[in-house]
Every structure is written in C-alpha cells, then in structure tokens.
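The block underneath contains the structure these notes are about, expressed in structure tokens.
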Amino acid sequence: MRTESKDNTPSYSGTAALHAEVVTLSYESRLVSRDLDVRIPQGELTVVIGPNACGKSTLLRALARLLTPSSGRVLLGGEDVRRHTPKELARRLGLLPQSSVAPFGITVADLVGRGRFPHQRMLQQWSRDDERAVARAMAATGITEIADRPVEELSGGQRQRVWIALLLAQDAPVMLLDEPTTFLDISHQLDVLELCRRLNREEDRTMVLVLHDLNQAARFADHLIVMKDGAVAAAGAPEDILDEELLRHVFGLTARVMPDPVFGTPMVIPISGATESPA
C-alpha cells in the first residue's frame, strides 16, 4: 500500500522486510542522510535509483549492518538488526557490494562455497546441503563450466557472476545487490535482472537492487525508491511515480516518459541534461 509521507512523497506502509527507521547516516564528519525513513516491501523486488553520491550505497550498507546509524535503527522482520549475531544475520540477509576482491589463487567453486559459511557448524564444516546450494548457485549464474578456474583469470563480467553466485549460495531470504550489472554487457545485464526477478517470484525472496539504468529499473521493479541528496524524493510503483517532473527534479534531465511498447512499463527517453524542456 502507498501512502503520502510528510513531504508528500509516496511511501510504503505495508509489511516491510526491512525498515530504516528515521536513521541518520554519516561517515565520520560527512553527513549523508538525516532522518531517513525507508521501508523495503516484503516479497517484492525493490530498485533504488538516483544520481551519483546521493546515498544509495550508504543506505544498503546501513540495511546490512555494515554502517551503524548515528540515530534511528534498522529493523529486519520487525527486529533490530543489532540483536542478531553475524551468522544469524547472514542467514537472513545477504549483501553484494559494488566491488569485492577475491583471495589470489582461489577457484570459482571455492569462492562460491564461502557463501555457505553462515549455515555451517563447528563439527560439520561441509554438508550435502552445502554442495547442492553451491551447484545450484553456479548453474543459475551460468558459471558451472568455469568452476575450477582461478577467479583472477576471469573477465570482469565473469567475476561479477561469481560474486552473485556466492550471494545465491548464502541462501538468505533478503538479498541486497549494489549495482549488480556493473561490468556486464547488455545481454548479461538482462540475465542477472531476470535471475533476480525469478528468485523473487519463484522463491519469494525479497530483492533490493541499486541500478543506474532508468529503463531497467522501471521494467523490473515492483517498488521503486528514488533518492536525491541523501533523502527519498519518491517511492512507489514505477508507473505511479516515474514522470518527467521527477526526472527533472532528481537528475536535472529533460526527458519524455511513455509506455514501453513491449512491456508496458514506463520508458524514459532522454532529450538533454538541461533542466528546462525544449519547446
């Protein structure tokens, strides 16, 4: 359900898988967001968009407990994330950051296998469930054939798919992916986004993606969060909030928005970076 927030931007008031409740986020003395309130709908695919340095990645870090709010709190399933041990939290929530570095010499299969750490016990380091989860994750991301190759030998796109496979192997019901299509060509970008939507639809996973491509965001998102200067400029279904005025306000972009002729979702046609529309 969408309601109106205090600043008249649409906000989500249904069941939230994650809730950043009036949080203030900063890095030492640099303030990023003040009194930010964001709800991630349970069981939906949410996409976060906005200009560079608007606070998208900072929000994901706070949701994943990698950044502690100066004030406010983050709730996972209604519980403060600070109450969970690291392993408990990792069984419920997984994060793929923008950039990750693999240990030198590690193979694809071994790196993906590290996603199973939250599920392992002291007296049982590896199980058939772990083996099945890793095999399934590699198959889903199309990297089974390179399982034995060292990660450093792979292309940027292949590495990105390996990291996504690690996240899948973690098997958390809530998955946060920060710019998961980075380094991928258009075909593999769509493969990743369709995989995320399939995990959402078929396995009822709550997915949160940070993306830059407005048309991909509009096509794949159930719930869209648009950020500007550390605040939420709008939130809701893409067809309800994505319009020319919002694009001008948030991105300084002159554009036309019309229905995609194939999918019916909003399609953004950029005209110029000027803030005033042409005659």
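The values are calculated or read from the model by the stated rules, or taken from the named source; none is laboratory data. Predicted model, so just to flag it, every value in this text is computed and none were measured. All Cβ positions, glycine included, derive from the backbone under ideal geometry; neighbour counts span all protein chains shown. Ligands, DNA and RNA are stripped out before the accessible areas are found, and what is left, the full protein with its side chains, is counted by its heavy atoms. Shrake-Rupley method; radii C 1.70, N 1.55, O 1.52, S 1.80 Å.
Structure notes:
- Of the residues Arg39, Arg65, Arg114, Arg34, the single one that is buried (at least 20 other Cβ atoms within 10 Å of the Cβ) and charged (D, E, K, R) is Arg39.
- Listing of strands (runs of 3 or more DSSP E) fully contained in region 13-82 that carry 2 or more residues being closer than 29 Å to Arg248 by Cα, modelled with pLDDT of 95 or more and not aliphatic (A, V, I, L, M): 16-27, 30-41
- All strands (runs of 3 or more DSSP E) inside region 183-244 with 1 or more residues being crowded, with 17+ Cβ neighbours inside 10 Å and hydroxyl-bearing (Ser, Thr, Tyr): 206-210
- Where Gln160 falls short, out of the listed (1) within 15 Å of the chain's Cα centre (by Cα); (2) over 22 Å from Asp260 (Cβ atoms); (3) in contact (Cβ under 8 Å) with a residue 40 or more places away in the chain: (3)
- Residue in region 250-261 that is farthest from Lys228 (Cα to Cα), counting only those that are touching a Lys or Arg at 6+ places or on another chain (Cβ under 9 Å) and of a type in the set (A, V, I, L, M): Ala255
- Every residue from region 124-149 that is more than 27 Å from the chain's Cα centre (by Cα) and open to solvent by less than 80 Å² (accessible area, probe 1.4 Å): Ser127
- Take the conditions (1) surrounded by 13 or more Cβ atoms within 10 Å (Cβ to Cβ); (2) farther than 17 Å from Met207 by Cα; (3) aromatic (Phe, Trp, Tyr); Trp163 misses just one of them, which is (2).
- Leu190 vs. criteria over 14 Å from the mean Cα position of the chain (by Cα), at pLDDT 95 or above, farther than 21 Å from Ala20 by Cα and of a type in the set (A, V, I, L, M): no
- Any hit, region 98-105, residues being at pLDDT 95 or above and surrounded by 18 or more Cβ atoms within 10 Å (Cβ to Cβ): no
- Exclusive hit being surrounded by fewer than 20 Cβ atoms within 10 Å (Cβ to Cβ) and in contact (Cβ under 8 Å) with a residue 40 or more places away in the chain, set Pro173, Pro180: Pro173
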